[in-house]
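Participant: Quick one: this structure, given as structure tokens, is what I'll be asking you about.
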Amino acid sequence: MVPEPEFESYYGRQIIKTPTWKTPDVPLYLFLGGMAGASAVLAEGAALTGNVVLERVTRLVAASGAGVGTVFLVHDLGRPERFLHMLRVIKPTSPLSVGSFILAPFSALSSAAAASCLTGRLPRLGRLAGLGAAAFGPPLATYTGALLANTAVPAWHEAHRELPFLFAGSGASAAGGMALLLTPVQHSGPARRMAIAGAAIELTASELLKRRLGMVAEPYERGRPGRLMRLASRMTLGATVVSTLSGRSRAVSAICGATLVASSVVTRFGVFEAGLASARDPKYTVVPQRERMAARART
Amino acid sequence: MGSLWGRLDDVTGDAGYVDHEPRMGFFTDTSVCIGCKACEVACKEWNQVPDDGFELTGMSYDNTQALGASTWRHVAFVEKPFETVAAQPPQEPPHPTTTDLGLPGMGPPGWDTHESGLPSGEDQATASGDGGIRWLMSSDVCKHCTHAACLDVCPTGSLFRTEFGTVVVQPDICNGCGYCVPACPYGVIDLREDDGRAFKCTLCYDRLKDGQTPACAQACPTESIQFGEVGELRERARLRVAELHDKGVDVARLYGADPDDGVGGDGAFFLLLDEPEVYGLPPDPVVTTRDLGSMWKHVGAAASALAAVGVASFLGRRR
Amino acid sequence: MPGLGTSFGRGGATTNLQDLQNADCILIEGSNMAEAHPVGFQWVMEAKRRGAKVIHVDPRFTRTSAVADLHVPIRAGSDIAFLGGLVNHVLTHDLDFREYVVAYTNAANLIDGAFADTEDLDGLFSGFDPDTGLYDPTTWRYQPPEDMDEDEQQREEELEGDEAPGADQRASHQAARSESHGSGGAPVSWKGRRDETLQDPSCVFQILKRHFARYTPEMVQEVCGIEPEQFREVADALTSNSGRERTGAFCYAVGWTHHTVGAQMIRTAAILQTLLGNIGRPGGGIMALRGHASIQGSTDIPTLFNILPGYLPMPQASQHQSLDEWVEDEEGKTGFWGNVRSYAVSLLKSYWGDAATADNDFCFDYLPRITGDHSTYNTVKAQIEGRCKGYFLVGENPAVGSANGKMQRLGLANLDWLVVRDLQMIESATFWKDGPEIETGELVTEEIGTEIFFLPAATHVEKAGSFTQTQRMLQWRDKAVDPPGDARSDLDFYYELGHRIRERLAGSTDDRDRPLLDLAWDYPVDERGEVDGQAVLREISGTGPDGAALSAYTELKPDGSTACGCWIYCGVYADEVNQARRRKPHWEQDEVAAEWGWVWPANRRILYNRASAAPDGSPWSERKKYVWWDAEQHKWVGRDVPDFVPDRAPDHVPDKGAKGPDAIGGHDPFVMQTDGKAWLFAPLGLADGPMPTHYEPPESPVHNPLHSQQGNPARRRLDDPHNPVNPSFSEVFPYVFTTYRLTEHHTAGAMSRTLPYLTELQPEPFCEVSPRLARQRGLEHLGWATIVTARTAIEARVLVTDRLRSLRLGDRMVEQVGLPYHWGGNGITTGDSPNDLVNVTMDPNVYIQDKVGTCDIRPGRRPRGRDLTAYVADYRERAGVDPQHPTNGGTD
């Protein structure tokens, strides 16, 4: 058995602060933002290819995902009544600032597009809005990777290369999965393809993360976060395989879709809690930094 | 906008100030700290910071525990035996879930595995006298980094760089999003639970505006906390370390004084008598924003991939 | 205080905190200076920065030890053995500063042939009366000079005579007078015969050598638990930092004074510093660290039963029937103390103004007299026995802050009336409803007849006044804010009280009321009704025949033309300026900074500074020059006010029979001593011996290795069933405990445990134990422990720490339990009071208790209610406490 690394600490106390972001608010927002963003892309594709049924579902998912996500974000604030302060400045160094200026237009645009789509009114403006939402969609689904990574939290910061892809994939499989759940099989083909592609990206990113991070990958593999991550991988893999093999049955399709959606939720909780765990143990701050210093000293 | 990383000699100018005062900060020389905690009390009195809980921790004389939203000066205490003649090494390998070798545990160091620091290494019953104990004491504070992650990530503009080069939170703007909290590599800033907003040391911005000294530096009886221009403090600190080395205190070293370090050097830096992590400080802190460029690049790539996936999902058969 | 008073002539710090920065070596013992005097400690840090070696001798490794160069763990209460060992080292190896010792001390004086030392009498000096527990110091006196004058011959006869008047009272007179040597050494009858070669077997130097001969490093190890290598390191540091070019300073506090041998501990330090030639020199001296903000002031303008302002002794009922009788012992003696009549009369004039005239002895009869020991612990005993009916507690909380808390509270419960003036509702005011005795049932609220008045007091920022702190410096404070609500200053309270009492007594023909009615009670009062404090300070400083402010105590007259409330403060209002209010910043002055505040006497910052120059008047060295003789100007000059007759040449020999200041010779730096010398041997002034001897504390785990006389034979016991003493060397109480302070809390806690900012720093009461003791008794870090003595049992959380050392004394290990004493039942953080554990056995010179005792310690919380008293009773029985003689302690 590899012995635990030796290091000193101040009475075993953590060095960095544990994020104060609330659960389930923030993990759910990550999920909703990812699903909504990818859903907007699906919606635009559906509109361009005249797949009205798919378009209607995905527009609704995009708009309501952004809406509910925004509610969670506001609730997570220490001073929710001051949520508009997010729009005081735009700071590229702050993914949260950038994200506010992605989420706000996306919410507006996707809501307008969904409204137009569902009521049939102002179709041209609705399409324009939909196009805009689709442009903001991928950023919405992926900026949260930078949001988590741009902290001192070891499990997040060290994973800054993989997290955007992990979230992109997770968002795609969630959007696709939600569409599979809510759309008849004859219209959900693209959704199924997006779901499978998303799953592949997600699983690959997850695997790369664990291999590259070394010791800091532990929080993703141990304890509760580890269990969540493993559960999510299995759900994703299972649903993907089943969906690939039997795409015809509405029931199977729905179950696979629901599974993919659930898996996306579980993934976000897993990543979130892995971060918290890496903040709480000083080992993950001290040991990698010591190793980095040692490496510098050798060169 | 300024630079995000690397050496930055004029942090205040980089923040947009044109004709500005020299950068002000703290040099905390822990070799003369007597652990009196006057700094903690003076800070709370001046800034009307609420009390932070009453709990006997057993962490030596440290019942304050850590910096936070309601503790802006925190005195750390570490009781360490001298690593002179080691007592015979412990018989069993280190316990798998704990770390050993000098970890300041809840009891005195090594008290349940071997006697600490006695000349002959046997049972304590051989001799009186100090086997040799060190009691490290250090007043921790917000570092007011050159590259301050908290400031970089604040989405409302509440955190800003003052004309003195310090970093301050504006409580009337902060909406408690909490992003600054995990961004800080030193674990300084936090949200105040019953209030919702983020709070931290202001380096007594109001006192600085009146040409006064921050409360903690004013109160410190041994001048462990020294306030002044950062450049001048760094010079003073270098001389002090040299002086201590001449006296044989080889363990003395500066922390946060190097403008080439991971945060560009701290406006509030320290002279320590042991490794940083012994005091609860990160050994090699790096401002998270250093990797921001890479982060956005990967976000862009992932977003593009998602868009491509979206397109590809509709190619081929209509269904 | 008498330790320094008898050694040097004034009972106060010989130097000041700022001067510590000039020391080459600093010994801190009996003090945890960094924690208890953090602001003053900055000067030790400055000295260290300049290269000084800092040594901390303390039972615990504290925050002072953490920044010292050397920490020496010592068994609490064994300091005389350690310091005596250092004295022996110096004498054995001839490491004393010989020139200084010969010229400036009484080393050369010959002592009476009948004198017998503790080495001769197995722990006693000659003259001990075992029935009274008192010493007759007649055999300790100097041998008379070859040619005696008339006065001296008469005195000799008196001393020789068995029927000397008031012989039985002389001794108690002597004991109660120890405190009076706060300013003015004990008056010896003559300067005596001297052998300047220091060879005569009966000279002080040789007596000292013999007395300390057995205080070897091995003995130090056996008594104190200090390893010989550490002992030698300290000895080398002290001796190599003395002499012409280098000086060392000592700092001490209640770690020395709170012992039954406290005054003698200080005496040992004084002897050591004198042998090393450090007194009166920059970077030298003894820094007596007094704790409370104005505690020096509280003995200068005293709240003690046996002294009056300026350390004039309180008259004794049987001995002093007139003013003449009162001053005759000291009047005319050599040195400045010889002018005592001027000081006394001026004091009486300040009290009774125009009513005091030469015809009525200046109202001397109005002064109250003492009849014995009225010290605080005896007063408490009197309260319990119903002899003392009323009590004022003014900024004092004896239920927590005094030894044997139970006795304090039982006393309070038996009063007719009690007045408490304080900032917070202290435990001494609430004992009747929630004190520990209510819990045990020893007291029942409904049965307590004491009528208690609580009056809120103004804090120090809500009133104007002066503090006199540890370096004898008076600093005036202006008022910053008005006191809230009904809170008033003590000055206003007592002035108003005086008015009301006088109103009640107006028109009375009873002689007994005259002292109050004839008082000069007329301070100016402002529109708020607040007394003008500066007027009081001016009265204290003194006024001349024309009513103008005086400048120096040399202006005081015995004929009633001057009035002065405290002769040592004379001059603080010189030139009608409040000198104590001066605040010239240090960057506008030199290091001595004479224009900040005002120091008694006469703004001298280092006392006895004539000794900073050689006998010929030149500085000992360039590096250590301070005050020296300028032959051209024919006066003493330098960096401070010379503590000497300004124009007295260094080679001046006084005329035979000269009196008062005229008797001060050029080689007599210790101007308040009747012989002008520092006393290595104190022929008078201390109740328990002319030289210090190691005695064990009243409760001790070990036998005294030096003598069969276990404890201080002259110690004052408080015989009372509520004050049982643990039998020594008892297996039932095998551990030593000592109490101490934390930086974060203040005394009995009313000013700190009621504030969140301080409470959160140390939020719960705890005890500190070594890992070995924790293992022995099964104590867990952060767990609970019960600590027991014959008085009671308390509980506290446990901190197991290496900073408490197991000590090897000879062939046994001794463990110590450390207890911060700040806790009581009221406040944010509450707990049991460690002072409830402490027994009352007192130093015979100052009536101060010993804070060291023995105890047992067990894991777990203590029993509650009646179970607690049963638990303690069981311990007493097992330890063999004799219920008939509980204070005996089973030793001598």
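All of the numbers you see were taken from the coordinates with simple rules; none came from a lab. Note that the structure is predicted; figures quoted are calculated from it, not measured. All Cβ positions, glycine included, derive from the backbone under ideal geometry; neighbour counts span all protein chains shown.
Participant: How much length, in nm to one decimal, is gained on full extension between B:Phe54 and B:Val249, taken as 0.36 nm per residue of separation minus their Cα-Cα distance? Please report the intermediate quantities before stating the final value.
Facilitator: On the way: separation 195, 0.36 × 195 = 70.20 nm, distance 3.62 nm.
Additional length available on full extension: 66.6 nm.
Participant: Using all Cα-Cα distances in the stretch A:1-120, what percent lands in each 5 angstrom bin from 0 up to the longest?
Facilitator: 2, 10, 16, 17, 14, 10, 9, 7, 5, 4, 3, 2, 1, 0
Participant: Right, something else. How far is the Cα center of the stretch B:1-69 from the Cα center of the stretch C:636-678, in Å?
Facilitator: 56 Å
Participant: Given contacts defined as C-alpha pairs under 8 Å and at least six residues apart, what's the relative contact order of the stretch B:23-74, whole-number percent? List each step's numbers first, then the result.
Facilitator: Numbers: 33 pairs, mean separation 17.5, N = 52.
About 34 percent, as a whole number.
Participant: Sort out for me the Cα centre separation of the stretch C:54-89 from the stretch A:205-224, rounded to whole Å.
Facilitator: 55 Å
Participant: With an 8 Å Cα cut-off and a minimum separation of 6 or more residues, compute the relative contact order for chain A in percent. Spell out each step's value before the answer.
Facilitator: Values: 494 pairs, mean separation 69.7, N = 299.
23 percent.
Participant: Something else: Hey, rough spin-label estimate for C:His634 and A:Val68, points 7 angstrom out along Cα→Cβ, what's it come to in nanometres?
Facilitator: Placing both labels 7 Å beyond Cα along the Cβ direction yields 10.7 nm.
Participant: Further question: Label C:Lys625 and C:Asp151 with points 7 Å out from Cα along Cα→Cβ: what is the distance between them in nm?
Facilitator: Going by the 7 Å Cα→Cβ label model, 3.8 nm.
Participant: Right, another one. At each listed q (0.14 Å⁻¹), what is the log10 of I(q)/I(0) that the Debye formula gives for the stretch C:203-265 modelled as equal alpha-carbon point scatterers?
Facilitator: Those come out to -0.62, one per q.
Participant: Something else: Near A:Ala232, within a Cβ-to-Cβ distance under 11 Å, what is the net charge of the other residues, with Lys and Arg +1 and Asp and Glu -1? Walk me through the numbers before you get to the answer.
Facilitator: On the way: positive: A:Arg227, A:Arg230, A:Arg234, A:Arg268; negative: A:Glu202.
Summing Lys/Arg as +1 and Asp/Glu as -1 gives +3.
Participant: Between the stretch B:241-319 and the stretch C:243-315, how many Å separate their Cα centres?
Facilitator: The stretch B:241-319 and the stretch C:243-315 have Cα centres separated by 57 Å.
Participant: Checking the cross-link filter: which lysines have an alpha carbon closer than 23 Å to that of C:Lys479, excluding same-chain neighbours under 8 positions apart?
Facilitator: Within the straight-line cut-off, C:Lys479 pairs with C:Lys463, C:Lys584.
Participant: From Cα pairs below 8 angstrom and at least 6 apart in sequence, can you work out the relative contact order of the stretch A:140-203, rounded to a whole percent? Walk me through the numbers before you get to the answer.
Facilitator: On the way: 78 pairs, mean separation 20.9, N = 64.
Normalised by residue count, the contact order of the stretch A:140-203 is 33 percent.
Participant: Next question. Taking Cα atoms of the protein assembly as shown, Rg/Rh with Kirkwood Rh, to two decimals? Kindly include the intermediate steps, with their values, before the conclusion.
Facilitator: Numbers: Rg = 39.2 Å, Rh = 36.5 Å.
Radius of gyration relative to Kirkwood radius: 1.07.
Participant: For C:Arg512 and C:Thr303, compute 0.36 nm times the residue count separating them, minus their Cα-Cα distance, and round to one decimal in nm. Please report the intermediate quantities before stating the final value.
Facilitator: Details: separation 209, 0.36 × 209 = 75.24 nm, distance 2.27 nm.
Taking 0.36 nm per residue and subtracting the Cα distance, the gain is 73.0 nm.
Participant: Calculate, for C:Thr830 and C:Leu782, the FRET efficiency according to 1/(1 + (r/R0)^6) with r their C-beta to C-beta distance and R0 25 Å; round to the nearest 0.05.
Facilitator: On the way: r = 18 Å, r/R0 = 0.73.
Given R0 = 25 Å and the Cβ-Cβ separation, E is 0.85.
Participant: Under the rule a/c < 1.5 gives rounded, and otherwise a/b versus b/c splits prolate from oblate, where does the stretch C:11-56 land using the Cα gyration tensor?
Facilitator: Numbers: a/c = 1.42, a/b = 1.21, b/c = 1.17.
Rounded, since a/c falls under 1.5.
Participant: Can you list which of the DSSP-assigned H helices in chain A have a Cα extent of 30 Å or more along the long axis and an average Kyte-Doolittle score of at least 0.5? Provide the component values of the computation, followed by the final result.
Facilitator: Working: long enough: A:25-48 (34 Å, 1.28); A:52-76 (36 Å, 1.06); A:95-119 (34 Å, 1.35); A:123-149 (39 Å, 0.73); A:189-212 (35 Å, 0.01); A:223-245 (33 Å, 0.28); A:250-280 (45 Å, 1.00).
Length and hydropathy pass: A:25-48, A:52-76, A:95-119, A:123-149, A:250-280.
Participant: Once phi is turned into θ = phi - 60°, what whole-Hz ³J(HN,Hα) does the Karplus curve with 6.51, -1.76 and 1.60 give for every residue of the stretch C:234-245, x standing for Gly and Pro?
Facilitator: 5, 4, 5, 4, 5, 6, 6, 9, 9, x, 5, 8
Participant: Now, a different point. Between exposed GluC sites (Glu not before Pro) in chain C, where DSSP calls loop and at most 11 other Cβ atoms lie within 10 Å, what's the longest gap?
Facilitator: Numbers: sites that count: C:Glu146, C:Glu163, C:Glu196, C:Glu385, C:Glu527, C:Glu622, C:Glu632, C:Glu731.
Formally, the longest exposed-site-free interval is C:197-384.
Participant: With charges set only on the Cβ (+1 for Lys and Arg, -1 for Asp and Glu), what does the dipole of the protein assembly as shown come to about its Cα centre, in debye to the nearest 20? Intermediate values should be presented prior to the final figure.
Facilitator: Details: 144 positive and 195 negative charges, 2300 e Å.
Using Cβ point charges on Lys, Arg, Asp and Glu, the protein assembly as shown gives about 11040 debye.
Participant: Further question on the same structure: Which entries in B:Lys37/B:Lys143; B:Lys44/C:Lys53; A:Lys22/A:Lys91; C:Lys406/C:Lys433 show an alpha-carbon gap greater than 25 Å?
Facilitator: Details: B:Lys37/B:Lys143 18 Å; B:Lys44/C:Lys53 35 Å; A:Lys22/A:Lys91 23 Å; C:Lys406/C:Lys433 14 Å.
Where the Cα-Cα span goes over 25 Å, the pairs concerned are B:Lys44/C:Lys53.
Participant: Let's test the formula: R0 of 60 Å, r as the Cβ-Cβ distance of B:Asp9 and C:Glu196. What FRET efficiency results, to the nearest 0.05?
Facilitator: On the way: r = 71 Å, r/R0 = 1.18.
E(calc), rounded to 0.05, equals 0.25.
Participant: Could you compute the net charge surrounding A:Ala38? Neighbours are other residues with a C-beta less than 12 Å from the C-beta of A:Ala38; K and R count +1, D and E count -1.
Facilitator: Working: positive: none; negative: A:Glu44, A:Glu202.
Result for the neighbourhood of A:Ala38: -2.
Participant: Another question, if that's okay. Please report the antiparallel percentage of DSSP beta bridges with both residues in the protein assembly as shown, rounded to the nearest 5. Could you put the intermediate results ahead of the total?
Facilitator: Details: 68 of 112 bridges.
So the antiparallel bridges amount to about 60 percent of the total.
Participant: Can you give the FRET efficiency for A:Val53 and A:Lys22, using 1/(1 + (r/R0)^6), R0 = 35 Å, r = Cβ-Cβ distance, to the nearest 0.05? Don't skip to the answer; put the middle values down first.
Facilitator: On the way: r = 37 Å, r/R0 = 1.05.
Rounded to the nearest 0.05, the efficiency is 0.45.
Participant: While we're on this one: Which listed residue (C:Ile307, A:Pro5, C:Ala631) has the Cα farthest towards the positive end of the charge dipole for the protein assembly as shown, taking +1 on Lys and Arg C-beta and -1 on Asp and Glu C-beta about the Cα centre?
Facilitator: Farthest towards the positive pole: A:Pro5.
Participant: Indicate the gyration tensor shape class of chain C (rounded, prolate or oblate), computed on the Cα atoms with a ≥ b ≥ c the square roots of the eigenvalues: a/c under 1.5 is rounded; otherwise a/b larger than b/c is prolate and the rest oblate. Mind showing how you got there, number by number?
Facilitator: Values: a/c = 1.41, a/b = 1.11, b/c = 1.27.
Rounded.
Participant: Quick check: from the Cα gyration tensor, does the stretch C:459-560 come out rounded (a/c under 1.5), prolate or oblate? It would help to have the intermediate numbers written out before the result.
Facilitator: On the way: a/c = 2.24, a/b = 1.06, b/c = 2.12.
Because a/c hits 1.5 or more and a/b fails to exceed b/c, the stretch C:459-560 counts as oblate.
Participant: So which aspartates and glutamates pass the test for C:Lys381, namely a Cα distance under 12 Å, with those fewer than 8 places away in the same chain ruled out?
Facilitator: C:Asp373, C:Asp719, C:Asp720
Participant: Right, next: Each label point is 7 Å from the Cα along the Cα-to-Cβ direction; what then is the distance between the points at C:Glu877 and C:Leu505, in nm?
Facilitator: In this crude label model, C:Glu877 to C:Leu505 measures out at 5.4 nm.
Participant: Let me ask another. Net charge near C:Thr759: determine it from the other residues with C-beta under 10 Å of the C-beta of C:Thr759, scoring Lys and Arg +1 and Asp and Glu -1.
Facilitator: Working: positive: C:Arg753; negative: B:Asp51, C:Glu744, C:Glu760, C:Glu764.
So the surrounding residues net to -3.
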